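Asker: Submitted below is the structure of interest, expressed as structure tokens.
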Amino acid sequence: MQLDDRKWTILKAIIKTYLETGEPVGSRTISKYADLNLSSATIRNEMSDLEEMGLILQPHTSAGRIPSDAGYRLYVDCLMEEKEREVTEMKELVLQRQDKMELLLKQMARVLAANTNYAAMISGPQYHRTKLKFIQLSIVSETQILAVIVAEGNVVRNKMLQIEHGLDQKTILELNILLNSALNGLTIEEINLATIAKLKEQAGIHSEVVNRVLDAVAESIQKEEEVEIYTSGATNIFKYPELSSSEKASELISAFEEKKDLVGMISPENASGETGIQVYIGQESPLASMQDCSVVTATYELGEGMYGRIGVIGPKRMDYDKVVNTLRTLMAQLDLIFKKE
């Protein structure tokens, strides 16, 4: 069923208002709806057309209108189609950005190693203190619903939830509105016990469904992604006699090849000072394989809660001034490139 923009806007206004109040909706109420500059007479005519189309009902003479099952169905189908399109577009955008970011970071690791004559590593961006953007619940079967959770940075998570009792589309719609109204824009730390208690009270008999959705939100926002680390210039360590002995060199090369040990080294939590630059000298290094080296790391930030780390590994007699200046230049370039995206 196709509706023109005006009828569709009025139908949405009736459904949203009825979901909020539980009372039949009149033309005067609809005339106050945001961005709807129509007279009450025009709205009444459109409501009559919607009633003839079977999308709204008038429960009593002289009463306002309420949505019919067909009206709910049209609204839910359009809403789900719109959200699914948004999620698809976000996934495509994220994949495109990830591909570009991977190429960029690999290139920067090579440039950093070449400019300093030391070994270099760069971590891919991670999300910290992520805010929830929206939740979309969809019925999969009588015992399953799909929760699509979109967080800041357009991070999309899908979670299949088991339910004990089947939910109809109207209930799913009401739960979507309830959850998004209460949670959008919050970090996991801001979703406190009072917020959860209020949500469960408003959900009534469906409080257990809300509880499972909240668990899925917490898991999605807090989930740690595998950190991508890009390295370059590992063989530069052979240029320095104090690091080129077979045992020391082997340990360093192994750390660069396996990469998993580098994660703790370039964690954003290790940043200190306004510049985000941290210098580890010898025994200060958290990695045993690098305790004969100096390591300089810096935090880069790409906005929307995305952070990563850049690191340079060399001998204790490294040119610290050059390394620090090179890191600052790279961070500035990353910032400029990202803003052009």
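The values are calculated or read from the model by the stated rules, or taken from the named source; none is laboratory data. Computed from a predicted structure; not experimentally measured. No Cβ is skipped: glycine too gets one built from the backbone with ideal geometry, and neighbour counts run over all protein chains shown.
Asker: So which of 316, 248 ends up being modelled with pLDDT of 85 or more, over 29 Å from residue 131 (Cα atoms) and either under 26 Å from the mean Cα position of the chain (by Cα) or not polar (S, T, N, Q) (or both)?
Answerer: It is 316.
Asker: Of everything in region 324-340, what is touching a helix residue (DSSP H, G or I) at 6+ places or on another chain (Cβ under 7 Å) and either within 18 Å of residue 103 (Cβ to Cβ) or at pLDDT 90 or above (or both)? Give them in sequence order.
Answerer: Those that are touching a helix residue (DSSP H, G or I) at 6+ places or on another chain (Cβ under 7 Å) and either within 18 Å of residue 103 (Cβ to Cβ) or at pLDDT 90 or above (or both): 330, 337.
Asker: Tally up the residues in region 275-302 that are in contact (Cβ under 8 Å) with a residue 24 or more places away in the chain and in a strand (DSSP E or B), please.
Answerer: 13
Asker: Now a separate question. Regarding region 93-106, can at least one residue be identified that is under 18 Å from residue 5 (Cα atoms) and modelled with pLDDT of 80 or more?
Answerer: No: region 93-106 contains no residue that is under 18 Å from residue 5 (Cα atoms) and modelled with pLDDT of 80 or more.
Asker: Right, here's the next one. Inside region 147-193, can you point out the residues that are under 17 Å from residue 78 (Cα atoms) and either without any contact (Cβ under 8 Å) to a residue 40 or more places away in the chain or outside the structural domain of residue 216 (by TED's automatic domain parsing) (or both)?
Answerer: 168, 171, 175
Asker: Could you pull out the residue among 39, 27 that is surrounded by fewer than 16 Cβ atoms within 10 Å (Cβ to Cβ) and either at pLDDT 85 or above or not assigned by TED's automatic domain parsing to the domain that holds residue 173 (or both)?
Answerer: 39
Asker: Quick one: residue 172 ticks every box in (1) at pLDDT 80 or above; (2) of a type in the set (Val, Ile, Thr); (3) part of a loop (DSSP other than H, G, I, E, B) except a single one, so which number is it?
Answerer: (3)
Asker: For region 218-236, give me the residue count where each residue is surrounded by 19 or more Cβ atoms within 10 Å (Cβ to Cβ), of a type in the set (Val, Ile, Thr) and at pLDDT 80 or above.
Answerer: 2
Asker: Answer yes if at least one residue in region 118-135 is of a type outside the set (A, V, I, L, M), in the same structural domain as residue 330 (by TED's automatic domain parsing) and at pLDDT 85 or above, and no otherwise.
Answerer: yes
Asker: Which residue, of 253, 266, 277, is of a type in the set (Val, Ile, Thr) and modelled with pLDDT under 70?
Answerer: Among 253, 266, 277, only 266 is of a type in the set (Val, Ile, Thr) and modelled with pLDDT under 70.
Asker: Tell me whether region 68-84 contains one or more residues that are over 30 Å from residue 138 (Cβ atoms), without any contact (Cβ under 8 Å) to a residue 24 or more places away in the chain and not polar (S, T, N, Q).
Answerer: no
Asker: Scan (1) aliphatic (A, V, I, L, M); (2) buried (at least 18 other Cβ atoms within 10 Å of the Cβ); (3) touching a residue at least 40 places away in the same chain (Cβ under 8 Å) for the single condition residue 19 breaks and write down its number.
Answerer: (2)
Asker: Counting just the residues of region 174-212 that are within 24 Å of residue 67 (Cβ to Cβ) and touching a strand residue (DSSP E or B) at 6+ places or on another chain (Cβ under 9 Å), which one comes out surrounded by the most Cβ atoms within 10 Å (Cβ to Cβ)?
Answerer: 179
Asker: Shifting gears a bit: Take the residues in region 309-333 that are part of a strand (DSSP E or B) and hydrophobic (A, V, I, L, M, F, W, C); name whichever of them is surrounded by the fewest Cβ atoms within 10 Å (Cβ to Cβ).
Answerer: My answer is 310.
Asker: Name the single residue, out of those in region 61-92 being surrounded by 13 or more Cβ atoms within 10 Å (Cβ to Cβ) and more than 30 Å from residue 24 (Cβ to Cβ), that is modelled with the lowest pLDDT.
Answerer: Filtering region 61-92 for residues that are surrounded by 13 or more Cβ atoms within 10 Å (Cβ to Cβ) and more than 30 Å from residue 24 (Cβ to Cβ), the one modelled with the lowest pLDDT comes out as 90.
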